[in-house]
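Report on the following structure.
The values are calculated or read from the model by the stated rules, or taken from the named source; none is laboratory data. Here the structure is a predicted model, which is why all the values come from computation and not from measurement. Heads up, the Cβs are rebuilt from the backbone with ideal geometry, glycines too, and the neighbour counts pull from every protein chain shown. All accessible areas refer to the heavy atoms of the entire protein, side chains included, with ligands and DNA or RNA removed. Shrake-Rupley method; radii C 1.70, N 1.55, O 1.52, S 1.80 Å.
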Amino acid sequence: MATVELRFSALPEHVRTARLVAAAVARRAGVDEAVLDEVRLAVGEACSRAVGLHQAADVPAPVRVALVEEEKQFSIEVGDEAPRTAPGERAPGAGPGRGEEPEAEGEDEMGLAVISGLVDDVEVTAGENGGSIRMTWPTAS
């Protein structure tokens, strides 16, 4: 099992680099050439989402991207450290009228919908210490 790990400051300009690295590692891992555009787009959406969550929650930690080559599959996990709350709850320290705006929630859902449309095998997790999106593609034997 080969793993490449990338960490970058939560700035939009770093998303392009993550996309390029993901496509290069996916190609080397044996992901079908026809699927590489989907890999790039899905990683771009996941990283943009993580950057937005970090910026909205003022989280200084870097966004994490793990690219894992396993037998017959290639996975990418994009992780963030932005705390999540249950619907209707306020984030810790958020005063009245602060916290995630309804438009931000809609953008988040839209990003997840795009990722789900691009990748057949997606797992999304979220909690008070952050979350992750794990995407998996088959590779050539």
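Brief remarks follow.
Quick grid of which residues meet (1) assigned to a strand (DSSP E or B); (2) modelled with pLDDT under 90:
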position: P92; (1), (2): no, yes
position: G97; (1), (2): no, yes
position: E105; (1), (2): no, yes
position: I115; (1), (2): no, no
position: V122; (1), (2): yes, no
position: T125; (1), (2): yes, no
position: R134; (1), (2): yes, no
position: P138; (1), (2): yes, no
position: S141; (1), (2): no, yes
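- For E5, the test of being more than 24 Å from G117 (Cβ to Cβ), among the acidic types (D, E), outside any strand (DSSP E or B) and open to solvent by 20 Å² or more (accessible area, probe 1.4 Å) is failed.
- Every residue from the stretch 49-67 that is touching a helix residue (DSSP H, G or I) at 6+ places or on another chain (Cβ under 7 Å) and either assigned to a strand (DSSP E or B) or crowded, with 19+ Cβ neighbours inside 10 Å (or both): R49, V51, V63, V65, L67
- From E81, E70, E45, E33, residue being at pLDDT 95 or above, of a type in the set (D, E), open to solvent by 20 Å² or more (accessible area, probe 1.4 Å) and farther than 14 Å from V122 by Cβ: E81
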